[in-house]
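Engineer: Okay, here's the structure, questions in a sec.
Nothing in this text is a laboratory measurement; each read-out follows from the coordinates by a stated rule. Note that the coordinates shown come from a computational prediction; the quantities given were computed from them, not determined experimentally. As a convention, Cβ positions derive from the backbone with ideal geometry for all residues, glycine included, and neighbour counts pool all protein chains shown.
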Amino acid sequence: MAVIGFIGLGIMGRPMLRNLLKSGYTVIAYDSFTQALDSSVADGAQRGASSKDVASRVDIVITMVPDGPQVEEVVLGPNGVLEGAKAGTLVIDMSSINPAISQKVGAACAAKGVEFIDAPVSGGEPKAIDGTLAIMVGGDAKAFSKAEALLKCMGSSVLLTGPVGAGNITKLANQIMVACNIAAMGEALVLATRCGLDPEVVFNAVKGGLAGSTVLNAKAPMLIARNFKPGFKVKLHQKDLRNALQTAEANNVFLPLTALVQQMLSSLMADGKGDLDHSAIAQISESLSRVEVKRP
């Protein structure tokens with residue numbers, strides 16, 4: 001099996017790397033945070049000295065970092081992937097970033113004979129742990145064919161959505177739907193609670209109907225239990241919606257609901273809640289209504 005490089009060992013990257021190890025891949029890992037790297041080495045990964053070092057030792061490099069500037073740094077920057085990669089190397093960026101940056105990085109890779117695909121994921125930490133992420137890929141069919149089996153070790157759904165950048169456009173669409181769904185859930189359960197109903201009973205009553213969704217099933221129980229331990233952080237979802245709005249502006253697209261929920265996320269961050277789970281979007285409606293969604 002191919003030796004894989006893995007750069008970026010955060011809340012998503014570490015469990016994704018573990019699933020590669022479980023599938024039998026040898027993985028050379030790197031993260032600028034020593035503690036995160038130490039943790040992955042303890043899981044069985046080999047230690048890389050830098051992004052450049054990792055790329056020089058493998059034919060496939062996965063990057064999983066917070067946003068576009070970090071992707072540019074680890075791929076294009078000093079001691080970055082392109083300084084170590086040889087022609088024919090495949091770079092798989094699984095970060096959720098602005099698609100324009102994916103296209104910029106992809107073009108820089110192509111200029112050096114390096115293949116590139118963007119492959120952002122959805123599912124948060126729980127699905128990263130159990131290897132059932134939804135993976136949305138942008139790139140050409142040849143590069144995708146090299147990556148498909150590898151990606152299926154980390155995701156239950158792996159789909160090529162178009163050329164480079166298409167993966168991140170698809171992810172932005174996903175993030176709009178998730179964020180607006182959570183906001184609507186919050187409003188609905190605040191209303192039910194204010195009217196004297198048990199929000200858990202309301203949740204159980206509606207989840208089998210048209211209002212039911214994966215988002216509802218995952219986030220309503222967290223809200224009702226007052227459990228905001230992050231599977232996906234407020235600050236990361238705010239970043240995703242910011243990228244969606246920037247992409248919309250560049251393409252003359254009207255996204256009023258996205259803009260409103262992005263402001264709700266920004267408000268939570270201003271209140272020091274950026275590291276909470278994004279189910280905390282519902283706290284905005286709670287705060288303004290002076291109602292806390294919980295069982296009586």
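Engineer: Would you pull out the residues with amide H under 5 Å of V158's amide H, same chain only if 5 or more places away, H placed 1.01 Å from N?
Structural biologist: I135
Engineer: Now a separate question. Starting from the amide H of V61, placed 1.01 Å from N in the peptide plane, find each other amide H under 5 Å away whose residue is 5 or more places distant or on another chain.
Structural biologist: For V61, the qualifying residues are G5, L90, V91, I92.
Engineer: Round to a whole angstrom and tell me the spacing of the C-alpha centers of the range 1-70 and the range 200-277.
Structural biologist: If you average the Cα positions of each part, the centres end up 29 Å apart.
Engineer: Could you check which residue among N168, N252, N243 shows the biggest mean-square fluctuation in a GNM of the chain with a 10 Å Cα cutoff?
Structural biologist: N252
Engineer: Still on this model: Give me the net charge for the shell around F203: Cβ to Cβ below 14 angstrom, other residues only, Lys and Arg +1, Asp and Glu -1.
Structural biologist: Details: positive: K207, K219, K294, R295; negative: E187, D198, E200.
Summing Lys/Arg as +1 and Asp/Glu as -1 gives +1.
Engineer: To continue, here is another question. What nm distance separates the two modelled labels at L288 and A259, each placed 7 Å from Cα along Cα→Cβ?
Structural biologist: Those two pseudo-labels are separated by 1.6 nm.
Engineer: Assign unit charges at the C-beta atoms only (+1 for Lys and Arg, -1 for Asp and Glu), then state the dipole size of the chain relative to its Cα centre in Debye, rounded to the nearest 20.
Structural biologist: Working: 27 positive and 26 negative charges, 74 e Å.
That gives a dipole near 360 debye.
Engineer: Residues of the range 1-31 with the amide nitrogen closer than 13 Å to a label point 7 Å from the Cα of R47, along Cα-to-Cβ, please.
Structural biologist: The answer is 29-31, whose backbone nitrogens lie closer than 13 Å to the label point.
Engineer: Can you give the angle from 0 to 90° between the axis of helix 234-250 and the longest principal axis of the chain, with both taken from C-alpha atoms, to the nearest 10?
Structural biologist: In the chain, helix 234-250 runs at an angle near 80 degrees to the longest axis.
Engineer: Equivalent ellipsoid semi-axes for the range 169-289, as square roots of 5 times the alpha carbon gyration tensor eigenvalues: give them largest first, rounded to whole Å.
Structural biologist: On the way: eigenvalues 121, 51, 32 Å².
Whole-Å semi-axes of the equivalent ellipsoid: 25, 16, 13.
Engineer: Quick one: net charge of Q175's neighbours, Cβ under 10 Å, K/R +1, D/E -1? It would help to have the intermediate numbers written out before the result.
Structural biologist: Details: positive: K171, K239; negative: D240.
Taking every other residue near Q175 into account, the sum is +1.
Engineer: What length, rounded to one decimal in nm, is gained on full extension from L191 through to A87, with 0.36 nm per residue of separation minus their alpha-carbon distance? Before the final figure, lay out the partial values.
Structural biologist: Working: separation 104, 0.36 × 104 = 37.44 nm, distance 5.82 nm.
That works out to 31.6 nm of additional length.
Engineer: What Kirkwood hydrodynamic radius do you get for the range 50-195 when you take the inverse of the mean 1/r over all pairs of distinct Cα atoms, in Å?
Structural biologist: Averaging 1/r across every pair of different Cα atoms and inverting gives 15.9 Å.
Engineer: Now for a different question. List, in the order given, every pair from K152/K233; K22/K152; K127/K233; K22/K52; K207/K294; K239/K273 whose Cα-Cα distance in the structure shown is over 22 Å. Working shown, then result.
Structural biologist: Values: K152/K233 24 Å; K22/K152 12 Å; K127/K233 15 Å; K22/K52 25 Å; K207/K294 17 Å; K239/K273 14 Å.
In this structure, K152/K233; K22/K52 lie more than 22 Å apart at Cα.
Engineer: While we're here: Could you work out the helix-only [θ] at 222 nm for the chain, with each DSSP H run of four or more residues adding -39,500 (n - 2.57) and the total divided by the number of residues, to the nearest 500 deg cm²/dmol? Show your work: numbers first, answer last.
Structural biologist: Values: 14 runs with 158 residues, N = 296.
Taken over the chain, the calculation gives -16500 deg cm²/dmol.
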